[in-house]
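Novice: The structure follows.
Derivation of every value follows stated rules applied to the coordinates shown; laboratory data play no part. Predicted model only: the values in this text are computed from it and were never measured. In this analysis, Cβ positions are derived from the backbone assuming ideal geometry, glycine residues included, and neighbour counts consider all displayed protein chains.
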């Protein structure tokens with residue numbers, strides 16, 4: 001019973017870790033896009 005609960009917690013932790021990594025990657029892509037857009041706007045002035 002306890003071992004099963006521990007395994008479920010580890011699995012949930014791994015899923016959360018994966019989700020966080022995906023979110024960080026998405027945020028990085030958005031930040032890169034913002035920098036690119038801002039640089040282009042500055043260039044056009």
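Novice: Treating the angle as unsigned and between 0 and 90°, give the value, to the nearest 10°, between the Cα long axis of helix 2-44 and the longest Cα principal axis of the chain.
Specialist: Here the helix axis deviates by roughly 0 degrees.
Novice: Given labels modelled 7 Å from the Cα in the Cβ direction, how far is it in nm from residue 15 to residue 2?
Specialist: For the pair residue 15/residue 2, the computed spacing is 2.5 nm.
Novice: Could you work out the helix-only [θ] at 222 nm for the chain, with each DSSP H run of four or more residues adding -39,500 (n - 2.57) and the total divided by the number of residues, to the nearest 500 deg cm²/dmol? Walk me through the numbers on the way to the answer.
Specialist: Working: 1 runs with 43 residues, N = 45.
Dividing the helical sum by the residues of the chain leaves -35500 deg cm²/dmol.
Novice: How large is log10 of I(q)/I(0) for the chain at q = 0.27 Å⁻¹ when the intensity is taken from the Debye formula with one equal scatterer per alpha-carbon?
Specialist: The Cα Debye sum returns log10 ratios of -0.86.
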